[in-house]
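See below for the structure under consideration.
What follows is calculated from the coordinates using simple rules that are stated; it is not laboratory data. Note that the structure is predicted; figures quoted are calculated from it, not measured. Cβ placement follows ideal geometry from the backbone for every residue including glycine, while neighbour counts extend to all protein chains displayed.
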Amino acid sequence: MIPISKRSVVYISVSIAVFLWGVSFLWSNSILQQGFPVFSLMFFRMTFAAIVLSVVSFSLGKVTRIERKDWGWFLLLVFLEPFLYFIGETIGLKTLNSPTVSSVIISTIPIIALIAGIFVYNEKISSLNAFGIVMTLPGILLMVFDKGDMSIDKGTGILFLFMAVFAAVGYSVVVKKLAHKYNSYTIVTYQHILGAIYFLPFFFFMDLPTFSREMLTPGIIKPLLYLSVLCSSLAFILFINSIKELGVARANIFTAIVPVISAYAAFVMGQDTMSIRKVAGVLIVVTGVIIAQHRKKNTTPEPDRKFGSAKA
């Protein structure tokens, strides 16, 4: 038997994570199209993921104690993501009813983060990076105006999705401040525990009065568990471990193919149509994201300072 190298395991891990994030848009869309309440989806997803991550992280002894002075930063972190991020992503996805367009807009997170890095941290980018940033815009426009229409609902959905994008960028700025002191397991575990607490009052006051156990059908529970256990727990753990070997920039290049996976899976499962303009838009955006993240080869290993862009 040919032994599998450590690097091969890393590439397999990051590929699995990216695949799960790609199909996560389909599972979320499936739940929403069955009429399941938005805040119920977010609350149950956070709660189930928090349970799984707590069991794994605490049993492995990966969670460290948070210092009192850092709790404010953790609360801000969770407010940005998962709270604002999932509100924007879920409502945007429900409004557009297109996993493909939604995943493409979300995939611009590294682009906006790159722009934020220029203004917040005075980071330098090359002319090639700038070209990649500009290149994503026509790709998004091709997909948004796929059928030549722009209704108020579609515009609202796009605004909510970009709210998720900017929330994720703010999250990456805050997590960069915390990641030098706390490991990835600690941050992600508390992120989901506090996220469930953030969504609890919205579930309690907005969804619970009309919520019934009959809503938890097998068609709801299965994708909900997939989202919680696979996308919010397993995928994050695999991706975090991959970052330690590949570095943030190289690992995030893999996330550029998330909309390709979403588009193909949505088309195969009949959740979305696939026109020539939409295919072209996906390819243009993915190419632009990859070009924008291109870095010159460096002989020194990249520090594990943050997870990278937020995921579905």
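See the values below:
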{"item": "Calculated FRET value between SER275 and SER54, using beta carbons and R₀ = 41 Å, to 0.05", "result": "0.40"}
{"item": "Length released on extending from SER126 to HIS294, taking residue separation times 0.36 nm less the Cα-Cα span", "result": "59.6 nm"}
{"item": "Range in the chain, longest, excluding exposed trypsin sites (Lys or Arg not before Pro) [loop by DSSP; at most 11 other beta-carbon atoms within 10 Å]", "result": "148-295"}
{"item": "The range 1-156 - charge dipole about Cα centre, Lys and Arg +1 at Cβ, Asp and Glu -1, debye rounded to 20", "result": "480"}
{"item": "Electrostatic dipole magnitude of the chain [Cβ: Lys, Arg +1; Asp, Glu -1; Cα centre; debye, to 20]", "result": "920"}
{"item": "Length released on extending from LEU76 to THR210, taking residue separation times 0.36 nm less the Cα-Cα span", "result": "45.2 nm"}
{"item": "Which of GLU245, GLU89, GLU81 has the fewest Cβ neighbours within 10 Å, and the rest in rising order", "result": "GLU245, GLU81, GLU89"}
{"item": "Per-peptide average of other Cβ atoms within 10 Å, ordering 36-43, 222-229 highest first", "result": "36-43, 222-229"}
{"item": "Helix runs (DSSP H) in the chain reaching 18 Å along axis by Cα, Kyte-Doolittle at least -0.5", "result": "6-33, 38-59, 127-144, 152-178, 184-202, 276-292"}
{"item": "Greater than 25 Å apart at Cα, pairs in LYS69/LYS176; LYS6/LYS222; LYS154/LYS177; LYS6/LYS124; LYS124/LYS176", "result": "LYS6/LYS222; LYS154/LYS177; LYS6/LYS124"}
{"item": "Longest to shortest principal axis, alpha-carbon extents of the range 6-292, angstrom", "result": "50, 50, 36"}
{"item": "Order of ASP153, ASP70, ASP207, ASP272 under a 10 Å beta carbon neighbour criterion, fewest first", "result": "ASP153, ASP70, ASP207, ASP272"}
{"item": "Extended-chain gain in nm, criterion 0.36 nm per residue less alpha-carbon gap, ASN97 and LYS177", "result": "25.2 nm"}
{"item": "Taking PHE25, PHE74, PHE236 and counting other C-beta atoms within 10 Å, the order from fewest to most", "result": "PHE74, PHE236, PHE25"}
